[in-house]
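Heads up, the thing below is written out as structure tokens.
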Amino acid sequence: MGCLLVLILAGVSTAAIFFFGYSNWVLIVLGVLWLVAAGYSLIFGHRGFGGGPRTDFLIVIAGASLTAVLIIPNY
């Protein structure tokens, strides 16, 4: 589930920045979305084959970090 959240939020982040630019409200909305995804993956993390329950949380944090690395220099 964490990989799916990262892919969806990466697409939403890219589309929002492409259509609306680097305005403050876009960055705030994206930050809230990434925090919600982190909270969701922390609560309802992967419980299946190996990896432990916190793997999804770490994947979402990595995706949020990569997004921040790409956004901050352009802002």
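The values are calculated or read from the model by the stated rules, or taken from the named source; none is laboratory data. This structure is a prediction, so every number in the text was calculated from the model and none was measured. For neighbour counting, all protein chains shown are included, and Cβ atoms are generated from backbone atoms with ideal geometry for every residue, glycine included. All accessible areas refer to the heavy atoms of the entire protein, side chains included, with ligands and DNA or RNA removed. Shrake-Rupley method; radii C 1.70, N 1.55, O 1.52, S 1.80 Å.
Counting only the heavy atoms of the protein chains, how much of Leu4 is accessible to a 1.4 Å probe, in Å² to the nearest 10?
Counting only protein heavy atoms, Leu4 exposes about 90 Å² to solvent.
Over the heavy atoms of Val32, what accessible area does a 1.4 Å probe trace out, to the nearest 10 Å²?
Its accessible surface works out to 80 Å², give or take rounding.
Using mean Cβ contacts within 10 Å as the protection proxy, how do 5-12, 57-64 order, highest first?
On the way: 5-12: 15.5, 57-64: 19.8.
Packing order, densest peptide first, comes out as 57-64, 5-12.
How many nm separate the modelled label positions at Leu58 and Ile71, each set 7 Å beyond the Cα in the direction of the Cβ?
Label-label distance for Leu58 and Ile71, simple model: 2.4 nm.
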